[in-house]
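Here is the structure we will look at, set down as structure tokens.
The values are calculated or read from the model by the stated rules, or taken from the named source; none is laboratory data. Nothing here was measured: the structure is a model prediction, and the numbers come from that model. Every residue, glycine among them, receives a Cβ derived from its backbone with ideal geometry; neighbour counts consider all protein chains shown.
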Amino acid sequence: MNSMNVVSPRQVAAGLSEFWSPRVLAEIDDAYVKCARLHGEFTWHAHDHEDELFFVLAGTLRIELAERTVELREGELFVVPKGVRHKPVAEEECLVLLVERKSTQHTGDEVSPLTRSIAEQLGG
């Protein structure tokens, strides 16, 4: 990651080998801009102290919440407020851009085989 380079989030996301394994593209103050390639269902989780922005680069994404379900199409975004349990679901392959504070744990307090550390997300 080099903040002085032009990056194509869609191209980077499409080139990722693993689903649900975000890659950090850039830093903005205390936040990371990430991309990910998604398919299938993720883990129910919450981020107690951080909001999480999802922006769909390609495909569609469903975000299940306790009270409702949000459907996002290419070019749409949604912010999951801090403390809200959610489960992203991609019926078909989907590419997303994420904006999260640097303190955001991938699966909140939940640990699953899909959980990735910040070091892994930074490409380490």
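Within the range 32-39, identify whether any single residue is of a type in the set (D, E, K, R), in contact with a strand residue (DSSP E or B) (Cβ under 6 Å, 6 or more places away or on another chain) and surrounded by fewer than 14 Cβ atoms within 10 Å (Cβ to Cβ), and answer yes or no.
So far as the range 32-39 goes, no, none of its residues is of a type in the set (D, E, K, R), in contact with a strand residue (DSSP E or B) (Cβ under 6 Å, 6 or more places away or on another chain) and surrounded by fewer than 14 Cβ atoms within 10 Å (Cβ to Cβ).
Of everything in the range 41-53 that's more than 12 Å from the chain's Cα centre (by Cα) and hydrophobic (A, V, I, L, M, F, W, C), which residue is farthest from residue 81 (Cα to Cα)?
Looking at the filtered set, the residue picked out is 44.
Residue by residue through the range 19-40, note down the ones that are among the charged types (D, E, K, R), over 13 Å from the mean Cα position of the chain (by Cα) and either assigned to a loop (DSSP other than H, G, I, E, B) or under 16 Å from residue 96 (Cβ atoms) (or both).
29, 30
Please work out which one of (1) surrounded by 19 or more Cβ atoms within 10 Å (Cβ to Cβ); (2) β-branched (Val, Ile, Thr); (3) modelled with pLDDT of 90 or more is the condition residue 60 fails and give its number.
In the conditions (1) surrounded by 19 or more Cβ atoms within 10 Å (Cβ to Cβ); (2) β-branched (Val, Ile, Thr); (3) modelled with pLDDT of 90 or more, residue 60 misses (1) alone.
Please specify each residue of the range 90-105 satisfying the condition of being touching a Ser or Thr at 6+ places or on another chain (Cβ under 9 Å) and either surrounded by fewer than 16 Cβ atoms within 10 Å (Cβ to Cβ) or over 22 Å from residue 25 (Cα atoms) (or both).
Within the range 90-105, 91, 92 qualify.
With the range 41-85 as the region, which strands (runs of 3 or more DSSP E) entirely inside it contain at least 1 residues that are under 20 Å from residue 18 (Cβ atoms), in contact (Cβ under 8 Å) with a residue 12 or more places away in the chain and small (Gly, Ala, Ser)? Let's see the steps before the verdict.
Numbers: elements: 52-58, 60-65, 69-73, 77-80.
Correct list: 52-58.
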